[in-house]
Amino acid sequence: MTASTNTFLAVFVGSKTSPRMQAWMAMPEAERKAREKEGVAAWKAWVEKHHAAIATMGGPLGKTKKIGANGIEDISNALGAFMVVRADSHEAAAKLFENHPHFTHFPGEGVEVMPVLPIPGG
């Protein structure tokens, strides 16, 4: 995929220890399952509505390994999923995620949207 000024990375963030997640996990299982079903349906409807803007569907992210000068270590972060979208502007890309099911139906904290920039000298 070639980076251009109309390509944006959307990162779905949340915390396993946030009050929203704690409330979600404290729900009776039957209620949580019902909310999950509603959330999945809402997410699918969001994808259908915005399919023309989705460049890469992405998906959920698993456990993280950090690689640095001191080697490889297991870490935890707030990244939960990703998606790549195309839009006319950063603002337009951000507006795609207003009222997204990640935080209206699920206990996610938000969606961070950033432009994918050209590689310098590329």
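Residues in the stretch 48-63: is at least one hydroxyl-bearing (S, T, Y) and within 11 Å of A10 (Cβ to Cβ)? Even if it seems obvious, please write down each step before you answer.
Initial filter on the stretch 48-63 (hydroxyl-bearing (S, T, Y)): 56.
Subset that is within 11 Å of A10 (Cβ to Cβ): 56.
Yes, that holds for at least one residue.
When you go through (1) surrounded by 15 or more Cβ atoms within 10 Å (Cβ to Cβ); (2) in contact with a Phe, Trp or Tyr (Cβ under 7 Å, 6 or more places away or on another chain) one by one for L61, which number turns out not to apply?
Here L61 meets the rest and fails (1).
Just give me the residues in the stretch 1-40 being under 17 Å from E112 (Cβ atoms) and open to solvent by less than 30 Å² (accessible area, probe 1.4 Å), in sequence order.
Here is the first cut: in the stretch 1-40, the ones under 17 Å from E112 (Cβ atoms) are 7-15, 18, 20.
Hits for the stretch 1-40 are T7, F8, A10, V11, F12, V13, G14, S18.
Do any residues in the stretch 50-73 that are closer than 27 Å to A87 by Cα have Cβ atoms under 7 Å from those of residues that are charged (D, E, K, R), where the two are at least six apart or on different chains, and which pairs are they?
Final answer for the pair search is A53/R86; A55/R86.
With respect to M21, determine if the residue is outside any loop (DSSP other than H, G, I, E, B), within 16 Å of the chain's Cα centre (by Cα) and at pLDDT below 95. Talk me through it step by step, then tell me what you get.
Values: outside any loop (DSSP other than H, G, I, E, B): yes; within 16 Å of the chain's Cα centre (by Cα): yes; at pLDDT below 95: yes.
Here the answer is yes, as M21 does meet what is asked.
On the given criteria, is W43 touching a Pro at 6+ places or on another chain (Cβ under 7 Å) and either of a type in the set (D, E) or open to solvent by 50 Å² or more (accessible area, probe 1.4 Å) (or both)?
Details: touching a Pro at 6+ places or on another chain (Cβ under 7 Å): yes; either of a type in the set (D, E) or open to solvent by 50 Å² or more (accessible area, probe 1.4 Å) (or both): yes.
Spelling it out, W43 is indeed touching a Pro at 6+ places or on another chain (Cβ under 7 Å) and either of a type in the set (D, E) or open to solvent by 50 Å² or more (accessible area, probe 1.4 Å) (or both).
Going through A87, A92 one at a time, which residue ends up being of a type outside the set (D, E), touching a helix residue (DSSP H, G or I) at 6+ places or on another chain (Cβ under 8 Å), under 30 Å from G121 (Cβ atoms) and surrounded by 14 or more Cβ atoms within 10 Å (Cβ to Cβ)? So that I can check it myself, show each step before the final result.
Details: A92 fails: touching a helix residue (DSSP H, G or I) at 6+ places or on another chain (Cβ under 8 Å).
Within the list A87, A92, the selection yields A87.
The values are calculated or read from the model by the stated rules, or taken from the named source; none is laboratory data. Treat the numbers as computed from the prediction; the structure is a model and nothing was measured. So basically every Cβ, Gly included, is an ideal-geometry build from the backbone, and we count neighbours across all protein chains shown. With ligands, DNA and RNA removed, areas are computed over all heavy atoms of the protein, side chains included. Shrake-Rupley method; radii C 1.70, N 1.55, O 1.52, S 1.80 Å.
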